[in-house]
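Undergrad: Pasting a structure below so you can have a look.
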Amino acid sequence: MKREPSIPVAARNIAGRVTRATAVCVLLLSGCMVGPKYHAPAVAAPPAYKESSPAAYSSALPGTWQPAQPQDAELKGKWWETFNEPELNALEDQLNINNQNIAQYFENFMAARAQVREAHASYFPTVTTVPSYSRTRIPSTLGNGGAGAGTGGSSSGKAANSTTNLALPFDVSWAPDLWGRIRSTVHEFQYAAQVSAADLENERLTEQAALAVYFFQLRGQDALQDLYNRTIEADRKALELTRVLVETGIDSPEAVAQAEVTLRNAEEVGTGIATNRALYEHAMATLIGKPASEFSMPVKMLTTPMPAIPVGVPSQLLQRRPDIAAAERTMAEANAIIGIGKAAYYPTLNLTGGGGLESSAISTFFSGPAMFWSLGASASQTIFDAGLRRATVAQYTATYNADVAAYKQTVLTGFQQVEDYIASLRVLSQQISRQDAAVEAAQRYLDIATDRYKTGLDPYLNVITAQNTLLSDQQTQVTLRVSQRMAAVQLIQALGGGWDVSQLPSPKQTASRNSNPQPSGK
């Protein structure tokens, strides 16, 4: 029996030691990670908001709006419930489910999660296989190369040959993460997914605030419509009064014409209010994911009082605004990209292997002699690139520095917006108090002018002047109340709504298929 040549024992021992040494080196080098460590830049926050300090309200009128106490209170969850408007609550719930802009940002977040898993797959080897089967028949006429040519072209009588080949090969390739390139790539996509999650929450807050603003603007139009309906009714009565006084000889036909002009002008403006109301209604329908033709809002006045809003302290703003969280995570993503650029300075190791089964008969396909294998390794290192890697790292570093500046600017803008809307609410509240007094005075003025006109002491022009004054003051009163509620919504938006950075998915959760894929906000 013929014996297969064997590998000497010493050679096998040497090969085993080399293999184990290579594995140890790969594991040790895999622990190396180049690139800068990430540290979020410190941003100095003032101890308190200037516009919410007691000094800012020292000269305020009694009943003026003030932030909720204590100052460290926070908005939670469904912030719109603060306004105690049941219709608004129902609309916001629909928006969180059906708004298509939110749906778009949610799908962007899901795509970012998938990219994390894509990057994570690079940690592991790639295995491919190409099974094959072939059977070949060789004609007997090719076996002799013209045998029988000297016998009158008779056939050689040799049977045709056939061969069979079955193969099941496997190829394995793996590039160990020696310098942290893959880890930095995974971190990049994890942070990018967190940015996408924060963007989703920011878009959700933006849409929620827009719906609340449209809601109060629509209610403002309802209040204006009610005001003009009452004004038109009063003008009709005034017109009837002038006609009676003309008939009794107390006044002239000029007063009738003046009263009729006043009535027609009020009717024209009152009719036009419906246009703005329809536009706000259509905008609200789009926000909650309904066709404008299928949505309508009942008419209702602004009756609920203004809520006190907890503003907290400026340092909390860094944890509560999703746009600030997105800017901070963008910095972390840019820092990870620098690590990818620095890893390009170091060599890349590629390990390859192959093996499988191959035989000419199915009976021997799974036998030992049908097995084959191969192992290999290669390393690559860029020797000269004319400064490409250095320029790439410089680009990534500059991008990171730009993201740092963007983050600080986002924080400063957040502080500014909160201060702006606190000041707006304080000033609007004082304006409303004074405007209420102005409306009362204008009403008294109209009553006196009407009484004097009825007795023939003053012309009807004085009544018209008093009517216009009252109507203008009442319009301003409604506008200020709507602006106050809009400023309250904008203040809540500037504070981050009911969101908190603790609701942002962790880097590990961004790649998990089992974790809740939708960041909170409902």
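Undergrad: With at pLDDT below 80 and open to solvent by less than 40 Å² (accessible area, probe 1.4 Å) as the only criterion, which of Gly35, Gly63, Gly16 stands out?
TA: Values: Gly35 fails: at pLDDT below 80; Gly63 fails: open to solvent by less than 40 Å² (accessible area, probe 1.4 Å).
Exactly one residue qualifies, and that residue is Gly16.
Undergrad: From the list Ala209, Ala192, which residue is at pLDDT 95 or above and under 30 Å from Leu349 (Cβ atoms)? Lay out the reasoning, then the answer.
TA: Numbers: Ala209 fails: under 30 Å from Leu349 (Cβ atoms).
That would be Ala192, the only listed residue that is at pLDDT 95 or above and under 30 Å from Leu349 (Cβ atoms).
Undergrad: A further question on this structure: Return the pairs, sorted by first residue and then second, in which the second residue is among the acidic types (Asp, Glu) and open to solvent by 50 Å² or more (accessible area, probe 1.4 Å), the first residue lies in the range 331-353 and is over 18 Å from Thr382 (Cα atoms) and touching a residue at least 60 places away in the same chain (Cβ under 8 Å), the beta carbons are less than 8 Å apart, and the residues are 6+ apart or on different chains.
TA: Thr352/Asp171; Gly353/Asp171
Undergrad: So for the range 168-184 (the condition being modelled with pLDDT under 95 and of a type in the set (S, T, N, Q)), does at least one residue qualify? Outline the logic, then answer.
TA: Narrowing the range 168-184 to residues modelled with pLDDT under 95: 168-184.
From what is left, the residues that are of a type in the set (S, T, N, Q) are 173, 184.
The answer is yes, given that some residue of the range 168-184 is modelled with pLDDT under 95 and of a type in the set (S, T, N, Q).
Undergrad: Here is a further query. Is at least one residue of the range 216-231 closer than 30 Å to Leu457 by Cβ and without any contact (Cβ under 8 Å) to a residue 40 or more places away in the chain?
TA: Checked against the condition, which is being closer than 30 Å to Leu457 by Cβ and without any contact (Cβ under 8 Å) to a residue 40 or more places away in the chain, the range 216-231 yields at least one hit.
Undergrad: List pairs: first residue in the range 48-61 and among the acidic types (Asp, Glu), second residue in a helix (DSSP H, G or I) anywhere in the structure, Cβ distance under 6 angstrom, at least six positions apart or on different chains.
TA: Between residues of the range 48-61 that are among the acidic types (Asp, Glu) and residues that are in a helix (DSSP H, G or I), the close pairs are Glu51/Glu419; Glu51/Ile422; Glu51/Ala423.
Undergrad: Could you look through the range 94-113, keep only residues that are surrounded by 13 or more Cβ atoms within 10 Å (Cβ to Cβ) and closer than 18 Å to Glu188 by Cα, and pick out the one that is farthest from the chain's Cα centre (by Cα)?
TA: The residue in question is Arg113.
Undergrad: Tell me, yes or no, whether the range 286-301 has at least one residue that is open to solvent by 80 Å² or more (accessible area, probe 1.4 Å), closer than 29 Å to Gln190 by Cβ and either in a helix (DSSP H, G or I) or in contact with a His (Cβ under 7 Å, 6 or more places away or on another chain) (or both).
TA: no
Undergrad: Considering only the range 403-421, state which residues are open to solvent by 30 Å² or more (accessible area, probe 1.4 Å) and touching a helix residue (DSSP H, G or I) at 6+ places or on another chain (Cβ under 7 Å).
TA: Narrowing the range 403-421 to residues open to solvent by 30 Å² or more (accessible area, probe 1.4 Å): 403, 405-406, 408-410, 412-413, 416-417, 419-421.
Listed by number, the residues that qualify are Asp403, Ala406, Thr410, Gln417, Glu419, Tyr421.
Residue by residue, here is whether (1) in contact with a strand residue (DSSP E or B) (Cβ under 7 Å, 6 or more places away or on another chain); (2) free of Cβ contacts under 8 Å to residues at least 60 places away in the same chain; (3) open to solvent by less than 50 Å² (accessible area, probe 1.4 Å) holds:
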{"residue": "Ala197", "(1), (2), (3)": "no, no, yes"}
{"residue": "Arg204", "(1), (2), (3)": "no, no, yes"}
{"residue": "Ser252", "(1), (2), (3)": "no, yes, yes"}
{"residue": "Gly272", "(1), (2), (3)": "no, yes, yes"}
{"residue": "Thr275", "(1), (2), (3)": "no, yes, no"}
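Undergrad: Looking only at the range 302-315, which residues are of a type in the set (Val, Ile, Thr) and either open to solvent by less than 50 Å² (accessible area, probe 1.4 Å) or outside any loop (DSSP other than H, G, I, E, B) (or both)? Explain how you work it out, then say what you get.
TA: Keep residues of the range 302-315 that are of a type in the set (Val, Ile, Thr), which gives 303-304, 309, 311, 313.
Of everything in the range 302-315, those that are of a type in the set (Val, Ile, Thr) and either open to solvent by less than 50 Å² (accessible area, probe 1.4 Å) or outside any loop (DSSP other than H, G, I, E, B) (or both) turn out to be Thr304, Ile309, Val311, Val313.
Undergrad: Let me ask another. Of all residues being among the aliphatic types (A, V, I, L, M) and under 30 Å from Gln490 (Cβ atoms) in the range 213-251, which is nearest to the chain's Cα centre (by Cα)? Just the residue, please. Walk me through how you get there before you give the answer.
TA: Start the filter on the range 213-251 by keeping residues that are among the aliphatic types (A, V, I, L, M), which leaves 213, 218, 223-224, 227, 232, 234, 238-239, 241, 244-246, 250.
From what's left, under 30 Å from Gln490 (Cβ atoms): 213, 218, 223-224, 227.
Working: Val213: 20, Leu218: 27, Ala223: 35, Leu224: 36, Leu227: 40 Å.
The extreme case among them is Val213.
Undergrad: State which residue pairs qualify: first residue assigned to a helix (DSSP H, G or I) and inside the range 385-403, second residue open to solvent by 60 Å² or more (accessible area, probe 1.4 Å) and of a type in the set (S, T, N, Q) in any location, beta carbons under 8 Å apart, and separation of 6 or more residues or different chains.
TA: Arg389/Thr382
Undergrad: Thr476: out of contact with any Leu (no Cβ under 6 Å at 6 or more places or on another chain), at pLDDT 95 or above and open to solvent by 40 Å² or more (accessible area, probe 1.4 Å), yes or no?
TA: Numbers: out of contact with any Leu (no Cβ under 6 Å at 6 or more places or on another chain): yes; at pLDDT 95 or above: yes; open to solvent by 40 Å² or more (accessible area, probe 1.4 Å): yes.
Yes: the conditions hold for Thr476.
Undergrad: Right, here's the next one. Which is within 20 Å of Asp235 (Cα to Cα), open to solvent by less than 50 Å² (accessible area, probe 1.4 Å), of a type in the set (A, V, I, L, M) and in contact with a Ser or Thr (Cβ under 7 Å, 6 or more places away or on another chain), of Ala487, Ala449, Ala442, Ala466? Before you say what the answer is, go through the steps one by one.
TA: Numbers: Ala487 fails: within 20 Å of Asp235 (Cα to Cα); Ala449 fails: in contact with a Ser or Thr (Cβ under 7 Å, 6 or more places away or on another chain); Ala466 fails: in contact with a Ser or Thr (Cβ under 7 Å, 6 or more places away or on another chain).
Exactly one residue qualifies, and that residue is Ala442.
Undergrad: Further question on the same structure: Does Gly353 fit the bill of being within 47 Å of the chain's Cα centre (by Cα), surrounded by 13 or more Cβ atoms within 10 Å (Cβ to Cβ) and outside any helix (DSSP H, G or I)? Spell out the reasoning first.
TA: On the way: within 47 Å of the chain's Cα centre (by Cα): yes; surrounded by 13 or more Cβ atoms within 10 Å (Cβ to Cβ): yes; outside any helix (DSSP H, G or I): yes.
So Gly353 passes the test.
Undergrad: Continuing with this model, one more query. For the range 356-377, how many residues meet the condition of being assigned to a helix (DSSP H, G or I) and free of Cβ contacts under 8 Å to residues at least 60 places away in the same chain? Reasoning before the result, please.
TA: Of all residues in the range 356-377, those assigned to a helix (DSSP H, G or I) come to 362-364, 368-370.
From what is left, the residues that are free of Cβ contacts under 8 Å to residues at least 60 places away in the same chain are 363-364, 368-370.
Residues that pass the stated criteria total 5.
The values are calculated or read from the model by the stated rules, or taken from the named source; none is laboratory data. What you see is a predicted model; the values in this text were computed from it and never measured. Heads up, the Cβs are rebuilt from the backbone with ideal geometry, glycines too, and the neighbour counts pull from every protein chain shown. Surface accessibility is based on the protein's heavy atoms, side chains included, excluding ligands, DNA and RNA. Shrake-Rupley method; radii C 1.70, N 1.55, O 1.52, S 1.80 Å.
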